[in-house]
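To start, the structure under review is shown below, and the notes come after it.
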């Protein structure tokens with residue numbers, strides 16, 4: 001698996017990023033880490049409305065969190081929107097709480113709700 005297997009869906013002006021899941025419903029941690037470290041900012045630079053679906057992602061490290069914050073700031077500067085969804089694992093929820101990212105990012109329970117939020 002490599003980071004290019006990350007899914008990019010474009011629907012009604014919303015760019016949705018999601019990760020392939022294994023048979024246990026989990027995203028490959030190396031794919032997630034590599035994507036955020038090397039491809040995330042470039043692959044989302046032209047969007048104005050972004051949803052990052054973290055379904056199956058168990059944890060994120062600082063190398064992944066930094067690009068998320070940078071993209072949020074970039075989008076806010078150009079009046080764009082960004083929302084997260086799929087933040088279900090206890091470890092990921094704890095990381096977002098400890099870093100207070102749960103106060104910075106709109107985090108919605110489902111992709112549909114995140115897309116609706118991103119539309120404005």
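Filter segment 51-88 for residues that are farther than 21 Å from residue 27 by Cβ and surrounded by 15 or more Cβ atoms within 10 Å (Cβ to Cβ) and give the result. Scanning segment 51-88 gives 74, 75, 80, 81.
Restricted to segment 33-73, and to residues there that are in contact (Cβ under 8 Å) with a residue 60 or more places away in the chain and in contact with a helix residue (DSSP H, G or I) (Cβ under 6 Å, 6 or more places away or on another chain), the residue that is farthest from residue 100 (Cα to Cα) is 49. Do you know which residues across segment 80-94 are within 19 Å of residue 63 (Cβ to Cβ) and not in a helix (DSSP H, G or I)? Selection gives 82, 84, 87, 89. The residue pairs whose first member lies in segment 95-120 and is at positive phi and part of a loop (DSSP other than H, G, I, E, B), whose second member is surrounded by 12 or more Cβ atoms within 10 Å (Cβ to Cβ) and modelled with pLDDT of 95 or more, and whose beta carbons are closer than 9 Å, counting only pairs six or more residues apart or on different chains, are 120/49; 120/81. Within segment 77-91, residues that are at pLDDT 95 or above reach partners that are surrounded by fewer than 11 Cβ atoms within 10 Å (Cβ to Cβ) with beta carbons closer than 7 Å, at six or more positions or on different chains, in the pairs 81/120. Looking only at residues that are touching a residue at least 12 places away in the same chain (Cβ under 8 Å) and either out of contact with any strand residue (DSSP E or B) (no Cβ under 9 Å at 6 or more places or on another chain) or loosely packed, with under 13 Cβ neighbours inside 10 Å (or both) in segment 9-19, which one is nearest to residue 82 (Cα to Cα)? The selected residue is 13.
Here residue 30 clears all of (1) part of a loop (DSSP other than H, G, I, E, B); (2) in contact (Cβ under 8 Å) with a residue 24 or more places away in the chain; (3) more than 13 Å from the chain's Cα centre (by Cα) except the condition numbered (1).
The values are calculated or read from the model by the stated rules, or taken from the named source; none is laboratory data. In this text the structure is predicted, and so the values were computed from the model without any measurement. Reconstructed Cβ throughout: ideal geometry from the backbone, glycine too, with neighbour counts over all protein chains shown.
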